[in-house]
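Here is the structure we will look at.
The values are calculated or read from the model by the stated rules, or taken from the named source; none is laboratory data. Please read all numbers here as calculations on a predicted model, not as lab measurements. Cβ: placed from backbone, ideal geometry, glycine included. Neighbour counts: every protein chain shown.
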2 protein chains.
Amino acid sequence: MRSTLQTVADEVGVSRSTVSNAYSRPDQLSPELREKIFDAARRLGYAGPDPAARSLRKGRVGAIGVLFSATLSYAFTDPYAVQFLRGLAETAELHDTGLLLMPLAEDATAAAAAVQNAVVDGFCVYCLPDWHSAQAAMRLRKLPVVSSERRDAGDPEARFVAIDEAAATLAAGRYLAALGHRRIALIADWIVPERETRPVATARPEDVPYYVSRERLAGYRDAFAEVGVEWPEIATVNAAQNSRAAAAQAASCVLDRAPRPTAILAVSDMLALGVLDALHTRGLRPGRDVSVIGFDDIPDATTAGLTTVRQPALEKGRQAGALLLNPPEDLAQRQVVLPTELVVRASTGPAPDA
Amino acid sequence: MRSTLQTVADEVGVSRSTVSNAYSRPDQLSPELREKIFDAARRLGYAGPDPAARSLRKGRVGAIGVLFSATLSYAFTDPYAVQFLRGLAETAELHDTGLLLMPLAEDATAAAAAVQNAVVDGFCVYCLPDWHSAQAAMRLRKLPVVSSERRDAGDPEARFVAIDEAAATLAAGRYLAALGHRRIALIADWIVPERETRPVATARPEDVPYYVSRERLAGYRDAFAEVGVEWPEIATVNAAQNSRAAAAQAASCVLDRAPRPTAILAVSDMLALGVLDALHTRGLRPGRDVSVIGFDDIPDATTAGLTTVRQPALEKGRQAGALLLNPPEDLAQRQVVLPTELVVRASTGPAPDA
DNA sequence: CAGTGCTTCTGAATCGATACAGTACTCCGA
DNA sequence: TCGGAGTACTGTATCGATTCAGAAGCACTG
């Protein structure tokens, strides 16, 4: 049988509480007794307080659940995601907290059950559509939740670390418009719920189900509307997933037909790099023949000379952790909006046709 | 106050156990009563059995701790690691189990404490040197542990999913030796405990502290000894970490001096890709001027035309999960050695000098 | 020597759930 | 009408820890 606090207490001939104190409140007993207790523990092969029992009593388990609707491997393919998680892990570590990775199953019931049974102190949701069954299950748990996206203004209790998505792409769009670009293509994932790479001409930004893509598309729409390019004139392509390969395929949809767009706007750097791949295989020069812009500013963007919108991924993760583990009293301070910045590199330039 | 099983039981006027049964053993009570209980629960905002309390009673938490001695971001930079974790996550998901990521702190005491307090059912250690304080802390917990590396034969209880590291590089080394290569350079991380990129001429394989690097170097040593190239003639370079950039820098140490090695052997694909980068910047042709070989066979190896030793990362992860969550009765079957395979691509060829 | 204050230790209550033995009740057949 | 089987539910012990009020012991003070 495994030994418990009680076993050790009996062995030494003291009470359970005293043994407990020996481990977690050394100042409450004499060093001699403490040593005697540890001796007995060693003899009995007792490893110290059982974490499960401790967490029941303390009401704290030392782990936060990280929710995302994707496979693990996919989640960690994007350096942006990795940076975010790293920031989160940094803060978590400061608070002696681990990260419980919960890639959510396709099956809605199973996903909800996973959320219900997770032994965690809170949740960090990351790239999880509003309509997902896990969102409701989370609310039921009544644990603190922090999101990496802005939540509906409806809930003043909501905690999030976000950026102003639409403002960021509005600025980026204006920059491209000023360079003379008028024939535009947009590539994004989750423009439609289906995971397919294909043009989706009809979609208006408002109809895009996933918050991030919706906002970013809206920003671009507004920017080009200012120079007279209306939304229906902009080619929008849905990428099956946020990967280089999918984006390269998506880019083919618009590159291989005339007239070719002069600028391709992607909602992430992963997608933008795929677009660059597509240009490369066709012998087209980025920033001369076709301008390409991304979002996130991952390390590869620098080496690829990709113009992009920088968002502070690491900082987002750090602050998300802080909001969960050490929330400010003031509710307003629990809704953080971080700045973004347009980083101009070689992949954008004046529109080629005069 | 948060509502509990008891609260709901009082509200409905039944016993605690009945409410418990309503949630986890529906066949033990009438559908009517069950509905009544759920109604009350909804009214009171009770979300169902508390996972922490349940896990205390059941003796099962539903999470396994994943240990590695590195930052999160580093761990997920290597596609091999990601694949392994994906396999692990797959099996875990089948057993309704989550992964608790535990990047271990530098501080030995803190790392040990983290292991002691982790609310988990078992540990999977991955890329953790034997000397690390967490190893001892783990043994104390007396929970099942699975390693992704072969453990000392001393412990017949040890569970691991490994490959025959030395045999793999022995085969790879022989292949290169047969191609005529005699001037060899080796690049590995953790040849010495310090995280610095620099030649480490003196190190013998036996002295390398980290198991994986030690074995792989030994395999290569033996292969070249067979054709008369003794160990001291082989240039060994320590890479600060398992990254492309570090490897490129490490490769510089041997490429920029005469006579240049005809083959550079890296203990991982990440490192090998860095070597290819270094060749590229110097206008050297892989497989002609310098042969390069890696280890792992990550996806990028295919596109880069990298000759490498394939190891089944995904399968390793899956089996590691199975060993932890559904261990075979037979102790011998808990020690799995998976096959490896030499995959020849364009980055290796006959030694250039006749 | 009673009274005070301090440290050290004890014992009981508590957390939220599950397991199990036992009770109450219904139903059926003889 | 009685007995036995089966179902629905109750009450209590238990898991392994933490917490807290208070008891015991001790030294010191007046």
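Within segment A:59-77, identify whether any single residue is at pLDDT 85 or above and either of a type in the set (D, E, K, R) or within 10 Å of DNA strand C (Cβ to nearest atom) (or both), and answer yes or no. Step through it out loud before you land on a result.
If we filter segment A:59-77 for residues that are at pLDDT 85 or above, which is where we start, we get A:59-67.
Remaining after also requiring either of a type in the set (D, E, K, R) or within 10 Å of DNA strand C (Cβ to nearest atom) (or both): A:59-60.
Yes, the conditions are met somewhere in segment A:59-77.
Output the residues belonging to segment A:45-65 that are at the interface with chain B (Cβ under 8 Å from one of its Cβ atoms), of a type in the set (A, V, I, L, M, F, W, C) and either closer than 16 Å to residue A:99 by Cα or more than 6 Å from DNA strand D (Cβ to nearest atom) (or both).
Selection gives A:47, A:52, A:61, A:63.
Can you name the helices (runs of 4 or more DSSP H) wholly within segment B:66-172 that have at least 2 residues being closer than 23 Å to residue B:244 by Cα?
In segment B:66-172, the matching helices (runs of 4 or more DSSP H) lie at B:72-75, B:79-94.
Would you mind finding the one in A:108, A:89 that is of a type outside the set (Ser, Thr, Tyr), in contact (Cβ under 8 Å) with a residue 24 or more places away in the chain and at the interface with chain B (Cβ under 7 Å from one of its Cβ atoms)?
A:89
Would you mind stating whether residue B:345 is under 20 Å from residue B:272 (Cβ atoms), touching a Gly at 6+ places or on another chain (Cβ under 6 Å) and surrounded by 15 or more Cβ atoms within 10 Å (Cβ to Cβ)?
Answer is yes for this residue.
Provide a single number: the residues in segment B:304-329 that are part of a loop (DSSP other than H, G, I, E, B) and surrounded by fewer than 24 Cβ atoms within 10 Å (Cβ to Cβ).
The first filter runs over segment B:304-329 and keeps only residues part of a loop (DSSP other than H, G, I, E, B), leaving B:305-306, B:311-312, B:326-329.
From what is left, the residues that are surrounded by fewer than 24 Cβ atoms within 10 Å (Cβ to Cβ) are B:305, B:311-312, B:326-329.
The total comes to 7.
In segment A:1-19, which residue that is more than 8 Å from DNA strand C (Cβ to nearest atom) and of a type outside the set (Val, Ile, Thr) is nearest to residue B:59 (Cα to Cα)?
Ranking the candidates gives A:2 first.
Has segment B:35-46 got at least one residue that is part of a loop (DSSP other than H, G, I, E, B) and either at pLDDT below 85 or within 16 Å of DNA strand C (Cβ to nearest atom) (or both)?
There is at least one residue in segment B:35-46 that is part of a loop (DSSP other than H, G, I, E, B) and either at pLDDT below 85 or within 16 Å of DNA strand C (Cβ to nearest atom) (or both).
Taking the options B:272, B:301, name whichever one is closer than 17 Å to residue B:184 by Cβ and either within 20 Å of the chain's Cα centre (by Cα) or assigned to a loop (DSSP other than H, G, I, E, B) (or both).
When all the criteria are applied, what remains is B:272.
Please list, ordered by first then second residue, the pairs with beta carbon atoms under 8 Å, 6 or more apart or interchain, first in segment A:3-31 and under 14 Å from residue A:47 (Cβ atoms), second part of a helix (DSSP H, G or I) and near DNA strand C (Cβ under 6 Å from one of its atoms).
Sorted first by the residue in segment A:3-31, then by its partner, the pairs are A:5/A:16; A:22/A:33.
For residue A:177, work out the one condition from (1) in the same structural domain as residue A:230 (by TED's automatic domain parsing); (2) free of Cβ contacts under 8 Å to residues at least 12 places away in the same chain it doesn't fulfil.
Only one criterion is unmet by residue A:177, namely (2).
Quick one: in segment A:213-245, which of the residues that are modelled with pLDDT under 95 and among the basic types (Lys, Arg) is surrounded by the most Cβ atoms within 10 Å (Cβ to Cβ)?
A:214
Just to be sure before I move on: is residue B:92 surrounded by fewer than 23 Cβ atoms within 10 Å (Cβ to Cβ) and either over 30 Å from residue B:342 (Cβ atoms) or under 16 Å from the mean Cα position of the chain (by Cα) (or both) in the structure I sent?
no
Residue A:19 passes all but one of (1) farther than 21 Å from residue B:141 by Cβ; (2) within 44 Å of the chain's Cα centre (by Cα); which number fails?
If we test residue A:19 against (1) farther than 21 Å from residue B:141 by Cβ; (2) within 44 Å of the chain's Cα centre (by Cα), just (1) comes out false.
May I ask you to verify whether residue A:17 is in a helix (DSSP H, G or I), within 14 Å of chain B (Cβ to nearest Cβ) and under 23 Å from residue B:119 (Cα atoms)?
No: the conditions fail for residue A:17.
Report whether or not residue B:97 is hydroxyl-bearing (Ser, Thr, Tyr), in contact with a Leu (Cβ under 9 Å, 6 or more places away or on another chain) and within 13 Å of DNA strand C (Cβ to nearest atom).
Numbers: hydroxyl-bearing (Ser, Thr, Tyr): yes; in contact with a Leu (Cβ under 9 Å, 6 or more places away or on another chain): yes; within 13 Å of DNA strand C (Cβ to nearest atom): no.
It is false that residue B:97 is hydroxyl-bearing (Ser, Thr, Tyr), in contact with a Leu (Cβ under 9 Å, 6 or more places away or on another chain) and within 13 Å of DNA strand C (Cβ to nearest atom).
So how many residues does segment B:192-238 have that are aliphatic (A, V, I, L, M) and within 18 Å of the chain's Cα centre (by Cα)? Talk me through it step by step, then tell me what you get.
So in segment B:192-238, the residues aliphatic (A, V, I, L, M) come out as B:192, B:200-201, B:203, B:208, B:212, B:217-218, B:223, B:225, B:227, B:229, B:234-235, B:237.
Right, trim to within 18 Å of the chain's Cα centre (by Cα) and you get B:212.
Result for segment B:192-238: 1.
Can you name the residue in segment A:124-139 that is buried (at least 16 other Cβ atoms within 10 Å of the Cβ) and within 12 Å of another protein chain (Cβ to nearest Cβ) and is also nearest to the chain's Cα centre (by Cα) among such residues?
It comes out as A:138.
How many residues are under 42 Å from the mean Cα position of the chain (by Cα) and either within 8 Å of DNA strand D (Cβ to nearest atom) or not in a loop (DSSP other than H, G, I, E, B) (or both) if we restrict to segment B:1-14?
Total meeting the criteria: 1.
Scan segment A:20-34 residue by residue and report those that are part of a loop (DSSP other than H, G, I, E, B) and either assigned by TED's automatic domain parsing to the domain that holds residue A:120 or small (Gly, Ala, Ser) (or both).
Passing the criteria: only A:30.
For segment A:22-36: of the residues being more than 12 Å from DNA strand D (Cβ to nearest atom) and surrounded by 15 or more Cβ atoms within 10 Å (Cβ to Cβ), which is nearest to residue B:114 (Cα to Cα)?
Checked segment A:22-36; the qualifying residue nearest to residue B:114 (Cα to Cα) is A:34.
Just to be sure before I move on: is residue A:212 assigned to a loop (DSSP other than H, G, I, E, B), out of contact with any strand residue (DSSP E or B) (no Cβ under 8 Å at 6 or more places or on another chain) and not small (Gly, Ala, Ser) in the structure I sent? Let's see the steps before the verdict.
Details: assigned to a loop (DSSP other than H, G, I, E, B): no; out of contact with any strand residue (DSSP E or B) (no Cβ under 8 Å at 6 or more places or on another chain): yes; not small (Gly, Ala, Ser): yes.
No: the conditions fail for residue A:212.
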